[in-house]
Amino acid sequence: MIPFSKRFPELGPRETRTAFFPDDDAVPRGNYAFLELYCEEEDCDCRRVMLTVIEESTPRKIWATISFGWDAPEWFKDETDLEGLGATASGAFLDPLCPQSEYAAEFLDLFERMITQDPAYVERLKRHYTMFKGAQSPRTRSWQAPHSETRAKRPKPELLKKRKKLR
């Protein structure tokens, strides 16, 4: 996952959703940003965004990590969804593999209100996804074996035996 603002350094900060919480709210006072991250896999069309919530006075602390897929679960019900993951790929949820604070549920509630009350925000996330995917340069996937002519040569077994004897 790569931050949108890394690929679009001028547009990203300008179109990042923020929320200010006063002292009397459910989370500590502060100005929080919902930073967008998108999948960099060239052949992936996951149609989702991961949002990392940070606060401007503590930019290294992650307050919540929200995963959001905007398509209905039915969109994922095809031959590529062999494990039935469509239901979990749709909607917003706190990503269980990423950092969360004790206030993460409040940020998820706020995000769900934002996408429900502001359809333009969802359209912006979709537009950012399309822009991000369109700006990707083709590259070899990490799981693909390199071409044989560029593959590093492995030492011959007899050389490995000599190395072991020297130690």
Roughly how many Å² of Thr130 are accessible to a 1.4 Å probe, to the nearest 10? 90 Å²
Just flag the GluC sites (Glu not before Pro) in the stretch 24-69 sitting in loop per DSSP whose Cβ has no more than 11 other Cβ atoms within 10 Å. Glu56
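The values are calculated or read from the model by the stated rules, or taken from the named source; none is laboratory data. Remember, predicted model here, so these are calculated numbers, not experimental data. Methodologically, a virtual Cβ is constructed for each residue, glycine included, from the backbone with ideal geometry; neighbour enumeration extends over all protein chains shown. With ligands, DNA and RNA removed, areas are computed over all heavy atoms of the protein, side chains included. Shrake-Rupley method; radii C 1.70, N 1.55, O 1.52, S 1.80 Å.
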